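**Q** Okay, here's the structure, questions in a sec.
The values are calculated or read from the model by the stated rules, or taken from the named source; none is laboratory data. In this text, all values refer to a predicted model and were calculated from it rather than measured experimentally. No Cβ is skipped: glycine too gets one built from the backbone with ideal geometry, and neighbour counts run over all protein chains shown.
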Amino acid sequence: MNFLRKNSFITLVLTGLLIALLAVAGCGVTSTETATSTTTSTTTTTTQVVAFDLNVSAAASLTDAITEINNLYMSKHTNITVLTNLASSGTLQKQIEQGAPADVFLSAGAKQMQALQDGGLLLDGTRKNLLTNKVVLVAPAGSTLTMADFSGLTGAAVQKIAIGDPESVPAGTYGKQALDQLGIYEQVQSKLILCSDVKQVLSYVEAGNVDAGIVYATDAAISKSVIIVAAAPAEVNNKIIYPVAVIKATKNVDAAKAYIAFLATDEVKAIFEKYGFVFVAG
Amino acid sequence: MTDSYLAPLWISCKTVLTTTVITFFIGIFVARWMARYSGRGKNLIDGIFILPLVLPPTVVGFGLLLLFGRNGPLGEFFSWFGTTIVFSWPATVITAVIMTFPLMYMSAKAGFEQVDINVENAARTLGAGEWRVFWTVTMPMAWPAVVAATILTFARALGEFGATLILAGNIPGKTTTIPVAIYFAIQAGHNDRALILVAIVLAISFASLAALAYWKRKTPKTAIIKLTE
């Protein structure tokens, strides 16, 4: 015991490391299991099926829906591992511009997709509008905040508003459009906390560290710790579009095109609608 | 507002200067205490003080968020006084102080441990009180180490990003420091804005390092001379 007491700091560090390793091992088990099961099944097929990865970059607001859809896709195509890259559309756009591996891009805003198209980074003829969503104002569960529409944000009851950075997060861009539409952007500007993606906005509201946040209706639907207080003006909501396209630099053109076609099937439509997304014709 | 360069510059200056002053004083006092401390659990206390340096900044930021958040212990404490720490300017100072403290502490402590205890004791036998011993004997002799520690503190505070973003958030004009502004400028594709901010940081860093290097050269050796007179 004398040894342990003399080296109490070393003991502390080792114990901490041990606990951390156990925690990581416990959490990491499920993800590695699914990966190995898809790769081992390919070796037993007799047909010439090559196993490869499909990189899908999807906007953060699609996290839950796209994860379920990708699992469904992988169960139907056991030789393909879909790697989902989730972040704000602005971040994903930057990554693709800088050459990050991506086969399919599902953006929450047309601006980011257009930037890639202007840069010649999209495969011609593959871009199409897939979904639409609605922007809402949420507050922490238990909040007594009420307002008819976003213009209530100018009130003294609201001191801190979380919003995606309008420059790079589509949800933030739509939010700013709503505030501009109502003419209150200048007034509430000092109350805004800019976030790097819409899921961060949601987490700030859930934790109760802000009075309100601007997120998608689909994010509000998933969370149990927020309440919807108001909806964005129709003029803003009607212009929300989630386009999808194949990235020109893809090494798996057919698989990428097949994936986008898969997104339009009834089965997948039902999943999107389950989470509150609205399908767009064409 | 988002195109302003003065805002992040002003906030960074405020934060870094405030942090350096706070960390300087807390650091030297704690370092001085630990340098001469030989009680129980010395290694453990030492480990706790160095912890923010070892942990990833996001871990520290997350821990602070839980602590100061609306439902956290310190958050509730401060809400009784009507203030919230999270997403406010003081949060930038708190995170910077916590992240820079280990650097100040370690370097200053090494400096104090180097000071010959006989010289300190000689001062004590001549009737100097503890504070006088500290300021007129210990500090001058440990001065190079303390200056080095201050430089590290300043640099670390200027570059502090991860924990600050989590606890203070990105509020242009209030909590957006230069590193945070650079990050969001890159995200938004405003590379020119990012480059200008980078140039500002480099200018400040070089100017400050030059100033501190000049100051370091003025090492007071007068304390030892006074004792032997």
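**Q** So which residues in region B:74-86 are touching a helix residue (DSSP H, G or I) at 6+ places or on another chain (Cβ under 6 Å) and of a type outside the set (G, A, S)? Lay out the reasoning, then the answer.
**A** Going residue by residue through region B:74-86, those that are touching a helix residue (DSSP H, G or I) at 6+ places or on another chain (Cβ under 6 Å) are B:74-75, B:85-86.
Correct list: B:L74, B:I85, B:V86.
**Q** With surrounded by 14 or more Cβ atoms within 10 Å (Cβ to Cβ) and either within 14 Å of another protein chain (Cβ to nearest Cβ) or free of Cβ contacts under 8 Å to residues at least 24 places away in the same chain (or both) as the only criterion, which of B:I200, B:I204, B:I166, B:I178 stands out?
**A** Details: B:I200 fails: either within 14 Å of another protein chain (Cβ to nearest Cβ) or free of Cβ contacts under 8 Å to residues at least 24 places away in the same chain (or both); B:I204 fails: either within 14 Å of another protein chain (Cβ to nearest Cβ) or free of Cβ contacts under 8 Å to residues at least 24 places away in the same chain (or both); B:I178 fails: either within 14 Å of another protein chain (Cβ to nearest Cβ) or free of Cβ contacts under 8 Å to residues at least 24 places away in the same chain (or both).
From the options B:I200, B:I204, B:I166, B:I178, the qualifying one is B:I166.
**Q** Spot the failing condition for B:V146; the list is (1) surrounded by fewer than 24 Cβ atoms within 10 Å (Cβ to Cβ); (2) farther than 23 Å from B:P52 by Cβ, and only one is missed.
**A** (2)
**Q** Also: Scanning region A:100-117 for residues that are assigned to a helix (DSSP H, G or I) and either in the same structural domain as A:P166 (by TED's automatic domain parsing) or not basic (K, R) (or both), which turns out farthest from A:S168 (Cα to Cα)?
**A** Checked region A:100-117; the qualifying residue farthest from A:S168 (Cα to Cα) is A:Q117.
**Q** Can you find, within region B:69-115, the residue that is farthest from A:C195 (Cα to Cα) among those that are at pLDDT 90 or above and charged (D, E, K, R)?
**A** For region B:69-115, the residue satisfying everything is B:E113.
**Q** A:S143 passes all but one of (1) out of contact with any Asp or Glu (no Cβ under 7 Å at 6 or more places or on another chain); (2) at pLDDT 95 or above; (3) within 14 Å of chain B (Cβ to nearest Cβ); which number fails?
**A** All conditions are met except number (2).
**Q** Residues that are under 25 Å from A:S107 (Cβ atoms) and among the charged types (D, E, K, R): does region A:212-224 have at least one?
**A** Yes, region A:212-224 has at least one match.
**Q** Hey, could you check region A:180-204 for residues that are without any contact (Cβ under 8 Å) to a residue 60 or more places away in the chain and hydrophobic (A, V, I, L, M, F, W, C) and say which is farthest from the other protein chains (Cβ to nearest Cβ)?
**A** A:L182
**Q** Now for a different question. What is the number of the single condition among (1) under 19 Å from the mean Cα position of the chain (by Cα); (2) in a loop (DSSP other than H, G, I, E, B); (3) surrounded by fewer than 24 Cβ atoms within 10 Å (Cβ to Cβ) that A:G125 does not meet?
**A** Evaluating A:G125 over (1) under 19 Å from the mean Cα position of the chain (by Cα); (2) in a loop (DSSP other than H, G, I, E, B); (3) surrounded by fewer than 24 Cβ atoms within 10 Å (Cβ to Cβ) leaves (1) as the failure.
**Q** Working carefully through the options A:A207, A:A217, find the one that is of a type in the set (A, V, I, L, M), within 14 Å of another protein chain (Cβ to nearest Cβ) and surrounded by fewer than 24 Cβ atoms within 10 Å (Cβ to Cβ).
**A** When all the criteria are applied, what remains is A:A207.
**Q** So which helices (runs of 4 or more DSSP H) are wholly in region A:134-211 and hold at least 2 residues that are hydroxyl-bearing (S, T, Y)? If you could, list the steps in order and put the result at the bottom.
**A** Numbers: elements: A:170-181, A:185-188, A:198-207.
It comes to A:170-181, A:198-207.
**Q** So which residues in region B:20-53 are touching a Pro at 6+ places or on another chain (Cβ under 8 Å) and within 14 Å of another protein chain (Cβ to nearest Cβ)?
**A** Within region B:20-53, B:F49, B:I50, B:L51, B:L53 qualify.
**Q** Might you check whether a residue that is surrounded by fewer than 24 Cβ atoms within 10 Å (Cβ to Cβ) and away from chain B (no Cβ under 14 Å) occurs anywhere in region A:162-179?
**A** yes
**Q** Select from region B:116-143 the residues that are crowded, with 20+ Cβ neighbours inside 10 Å and not in a helix (DSSP H, G or I) and list them in ascending order.
**A** B:A142
**Q** In region B:63-101, which residues are of a type outside the set (F, W, Y) and away from chain A (no Cβ under 14 Å)?
**A** B:P73, B:P90, B:V93, B:I94, B:T95, B:A96, B:V97, B:I98, B:M99, B:T100
**Q** Only one of B:F87, B:F49, B:F62, B:F24 is assigned to a loop (DSSP other than H, G, I, E, B) and either buried (at least 18 other Cβ atoms within 10 Å of the Cβ) or in contact (Cβ under 8 Å) with a residue 40 or more places away in the chain (or both). Can you tell me which? Full working, then the answer.
**A** Values: B:F49 fails: assigned to a loop (DSSP other than H, G, I, E, B); B:F62 fails: assigned to a loop (DSSP other than H, G, I, E, B); B:F24 fails: assigned to a loop (DSSP other than H, G, I, E, B).
Of B:F87, B:F49, B:F62, B:F24, the one residue that is assigned to a loop (DSSP other than H, G, I, E, B) and either buried (at least 18 other Cβ atoms within 10 Å of the Cβ) or in contact (Cβ under 8 Å) with a residue 40 or more places away in the chain (or both) is B:F87.
**Q** Name the single residue that is nearest to the other protein chains (Cβ to nearest Cβ) among those in region B:1-19 being outside any helix (DSSP H, G or I) and not polar (S, T, N, Q).
**A** For region B:1-19, the residue satisfying everything is B:M1.
**Q** Among what's in region B:182-229 and is in a loop (DSSP other than H, G, I, E, B) and over 30 Å from A:L116 (Cβ atoms), pick the residue that is modelled with the highest pLDDT.
**A** B:K218
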